[in-house]
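Asker: Have a look at the structure that comes next, please.
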Amino acid sequence: MQLTRLELLDFRNYERLEIAPGPGLTAFVGSNAQGKSNLLEAVAMLGTGKSFRAQRDGSVIRYGFERAAVTGEAMLRAGSVNLGCSVVRGARGTRKTFAVNGSDVRYARFLGHLRVVTFVPADLHLIGGAPALRRALINGALAQSEPRYYRALARYMQALAQKNALLRALAPLDPELLDVYNLTLVEAAADLIPARARFVQELDASAAESHRRFTAGAEALHVEYACDIACDALDAQDVARAFERRLRETAGVEQARKASVSGPHRDDLILTLDGRSLATYGSQGQQRTAVLALKLAEYATLRDRGGEAPLLLLDDVLSELDDDRASAFVAGLGEYEQVFLTAVQLPPALRSGAHVYAVRNANVTAVAC
């Protein structure tokens with residue numbers, strides 16, 4: 001999988017840009033606040049349809065304009081595909097549209113054509129941060145690799161929002177409507193939880209291998225799926241039965257708290273080092289090494305599942321690592337099919353064979369190495 005063309009129109013600080021990335025490493029180098037991260041953000045939007053930085057879609061539109069567009073062409077094993085993502089600001093709010101090979105499609109049809117794994121400085125908080133960060137890693141990877149998972153997740157989140165609104169309502173609770181929402185939650189969870197369990201099993205094996213390379217086997221990393229529902233997470237029927245039972249048991253608590261208190265939206269990942277909690281006992285260095293291993297494991301798992309490598313997007317990550325970890329990470333970059341990296345300065349070890357672009361005030365210029 002390789003992105004061969006990237007075009008931006010009124011995206012962030014770019015008025016218009018077209019580049020043709022090559023295989024291997026593409027590095028965007030320049031001072032801060034010049035537009036380097038915006039380029040990786042644009043590539044990510046061709047894969048996931050979402051920004052890894054902005055909470056509001058309209059933030060990607062260049063100041064003073066009403067529409068931003070990102071288009072690109074990718075070479076896949078099945079052939080080339082043209083992708084497009086546009087964000088339009090109007091009187092009724094911001095609207096996002098998607099296109100595949102020139103035809104408008106819904107988001108679910110757009111997702112997964114170009115798979116990406118992003119690694120940004122905020123990911124260094126994956127270990128000690130909120131569970132939502134770790135669920136986002138699982139959801140992002142599975143939504144790209146399993147269309148059924150994305151559909152189940154969308155159903156689950158919609159029903160969860162509707163149920164919570166019902167629980168918070170001032171009007172008397174409608175038990176029949178509550179049952180409808182709970183049934184939808186159970187059916188969706190029976191798809192989500194087994195998919196998560198299988199993915200984390202694969203992630204664990206790959207993360208352990210990556211971690212051994214970084215630490216020369218001095219410590220053993222383990223990644224475990226912490227399902228909120230006590231069940232056989234690989235058995236959809238057992239998941240459904242256990243979740244139904246849990247919903248009956250917590251019905252009173254949910255009505256008292258006016259919120260859903262159990263389900264996949266409360267799942268987590270537990271990471272341990274030699275059997276001890278990394279979040280509780282790990283040093284900052286140990287946690288950062290584990291995050292490196294986890295992100296590379298995400299990449300390897302998506303590659304193995306899809307039969308071709310996703311794009312790896314590294315946004316100013318090297319500056320957040322000490323010399324030893326940065327060197328170990330850099331040493332492995334040659335193993336990846338296509339990598340996009342931003343940096344203030346490119347490490348000498350990466351210059352050979354890299355496609356390097358200097359970025360200054362949204363001007364992107366190829367640099368000979």
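The values are calculated or read from the model by the stated rules, or taken from the named source; none is laboratory data. The shown structure was predicted, so the numbers you read here are calculated from the model rather than taken from an experiment. Quick reminder, even Gly has a Cβ in these numbers, built from the backbone with ideal geometry, and neighbours come from all protein chains shown. Side chains are part of the model used for accessible areas, which takes the heavy atoms of the whole protein and leaves out ligands, DNA and RNA. Shrake-Rupley method; radii C 1.70, N 1.55, O 1.52, S 1.80 Å.
Asker: Quick one: is T301 crowded, with 19+ Cβ neighbours inside 10 Å and either assigned to a helix (DSSP H, G or I) or touching a strand residue (DSSP E or B) at 6+ places or on another chain (Cβ under 8 Å) (or both)? Before the answer, list the steps.
Answerer: On the way: crowded, with 19+ Cβ neighbours inside 10 Å: yes; either assigned to a helix (DSSP H, G or I) or touching a strand residue (DSSP E or B) at 6+ places or on another chain (Cβ under 8 Å) (or both): yes.
Considered against the rule, which asks whether it is crowded, with 19+ Cβ neighbours inside 10 Å and either assigned to a helix (DSSP H, G or I) or touching a strand residue (DSSP E or B) at 6+ places or on another chain (Cβ under 8 Å) (or both), T301 comes out as yes.
Asker: To continue, here is another question. For region 113-164, give me each residue that is of a type outside the set (D, E, K, R), assigned to a helix (DSSP H, G or I) and open to solvent by 50 Å² or more (accessible area, probe 1.4 Å). Steps first, answer last, please.
Answerer: Taking region 113-164 first, the residues of a type outside the set (D, E, K, R) are 113-114, 116-122, 124-133, 136-145, 147, 149-150, 152-154, 156-162, 164.
Going one step further and asking which of them are assigned to a helix (DSSP H, G or I), we end up with 121-122, 124-125, 131-133, 136-145, 147, 149-150, 152-154, 156-162, 164.
A122, H125, P131, A132, L133, A136, P147, Y150, M157, Q158, A161, Q162, listed by residue number.
Asker: S37 is checked against (1) hydroxyl-bearing (S, T, Y); (2) part of a strand (DSSP E or B); (3) surrounded by 14 or more Cβ atoms within 10 Å (Cβ to Cβ) and fails just one. What number does that condition carry?
Answerer: Failed condition: (2).
Asker: Being open to solvent by 80 Å² or more (accessible area, probe 1.4 Å) and not in a helix (DSSP H, G or I) is the filter here; which residues of region 165-178 pass it?
Answerer: Here is the first cut: in region 165-178, the ones open to solvent by 80 Å² or more (accessible area, probe 1.4 Å) are 168, 170, 172, 175-176.
Listed by number, the residues that qualify are L170, P172.
Asker: Given (1) under 24 Å from the mean Cα position of the chain (by Cα); (2) modelled with pLDDT of 90 or more, where does Q284 come up short, assuming only one miss?
Answerer: It fails just one condition, (2).
Asker: Then there is this: Looking at region 26-36, can you tell me whether even one residue there is within 19 Å of L346 (Cβ to Cβ) and among the aromatic types (F, W, Y)? Walk me through it before giving the result.
Answerer: Taking region 26-36 first, the residues within 19 Å of L346 (Cβ to Cβ) are 26-36.
Next, from what is left, pick out any that are among the aromatic types (F, W, Y): 28.
The answer is yes, given that some residue of region 26-36 is within 19 Å of L346 (Cβ to Cβ) and among the aromatic types (F, W, Y).
Asker: If Q345 satisfies all but one of (1) open to solvent by less than 70 Å² (accessible area, probe 1.4 Å); (2) over 18 Å from G24 (Cβ atoms); (3) not hydrophobic (A, V, I, L, M, F, W, C), what's the number of the condition it fails?
Answerer: Failing condition for Q345: (1).
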